[in-house]
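Have a look at the structure below, then the notes.
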């Protein structure tokens, strides 16, 4: 049987991203029963220790798909109403008319109108995303800060609304998913971390995936280098970091193999039911953290190229690290990718990120990986 993957082309495209300035990256591509894994560059710029395709990695907002799947499991069991108001479950966190108007679905798809709490938790990022007016000081100030989820939610709820409940385009906001974390705890009688671990991570047989309870990444992993648009030069390692600032909305540690396994099982209807998966794939326009309008479902969104097949998945970033995991709509072709540098673009005079060779090289690798 012909191998639909081209290992030489994938190796070359991955190496090109490293040559363009990415310290290290690694990936796994699957097509049916065929699997390619590759790595390029270093996990530690000081020692030259190489990255490997089996390393564990912080995957950021890819966590949201796991959280959404957990919520939908509870919808299936009748404990949560998908179109029920969040005020029914968490009246103290979202009180009054607002709690009556914002539904669980709106939180999942980022159409609640609730603001992002991040600029309030990280004061030197208060102008974010007005990038030229930010400073990276808060990253060091909060490396070991233990944030309380209820306090973070309070910051987002108290901030000026960014839209009417249910209005589109929505605005991507971690406040939405921290509320879902609290919702899971309320209806399951345990913590969201325990519920997601038992009913999503372990159910999928993911042996190298966890929601951390400390600041370190256990097992083989890369350093994570944050450049903050050239304001941290040379980029600084933030691989040791307390992730309570996002919790189970973006704190997951995983591997590229585990991510591909998870999304494969998800689209096969083995994590949630096919009807729940159909709900996940009903999209609305949402303004992303990069300021682009994207189609977004319930913790899942489509990626398309003109004239090409649709892929479903999620991306994620943390301080210094990034990841992407996508699967073709038919479940056959998959890509999971991890990089160990973030915000490599410098800013122009108006504060907009300038093009960087990494951008084109990453896009080229993704095209090869997704479309051949």
Can you compute the helix-only [θ] at 222 nm over the chain? Use -39500 (n - 2.57) per DSSP H run of at least 4 residues, normalise by all residues, nearest 500 deg cm²/dmol. -8500 deg cm²/dmol
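What relative contact order, as a whole-number percentage, does the chain give when Cα pairs under 8 Å and 6 or more residues apart are counted? Spell out each step's value before the answer.
On the way: 815 pairs, mean separation 93.6, N = 372.
Computed value for the chain: 25 percent relative contact order.
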Would you work out if the stretch 1-137 is rounded, prolate or oblate? Take a ≥ b ≥ c from the square roots of the eigenvalues of the alpha-carbon gyration tensor; rounded if a/c is under 1.5, else prolate when a/b is larger than b/c, oblate otherwise. oblate
Neighbour-count ranking [beta-carbon atoms within 10 angstrom, fewest first] of 57, 221: 221, 57
Of all DSSP beta bridges located in the stretch 7-371, what percent are antiparallel, nearest 5? 90 percent
The stretch 61-110 pair-distance distribution - Cα-Cα, 5 Å bins, rounded %: 5, 23, 27, 24, 16, 6, 0
What does the C-alpha gyration tensor say about the overall shape of the chain? Classify as rounded when a/c is under 1.5, otherwise prolate if a/b is larger than b/c, or oblate. oblate
How do 210, 151 rank when sorted from fewest to most other Cβ atoms within 10 Å of their own Cβ? 151, 210
Shape of the stretch 142-258 from its Cα gyration tensor (a ≥ b ≥ c, root eigenvalues): rounded if a/c is under 1.5, otherwise prolate when a/b > b/c, or oblate? oblate
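Volume per residue, Å³, of the convex hull around the alpha-carbon atoms of the stretch 87-214? Kindly include the intermediate steps, with their values, before the conclusion.
Working: hull volume 17.1 nm³, N = 128.
Measuring per residue, one finds 133 Å³ for the Cα hull of the stretch 87-214.
How would you rank 370, 243, going from fewest to most other Cβ atoms within 10 Å of each one's own Cβ?
The most exposed by this proxy come first: 370, 243.
Only the coordinates and a few stated rules stand behind these numbers; no lab work does. Since the structure is predicted, the reported quantities are computational estimates derived from the model, not experimental observations. Using ideal geometry, Cβ is built from the backbone for each residue, glycine included, and neighbour counts are taken over all protein chains shown.
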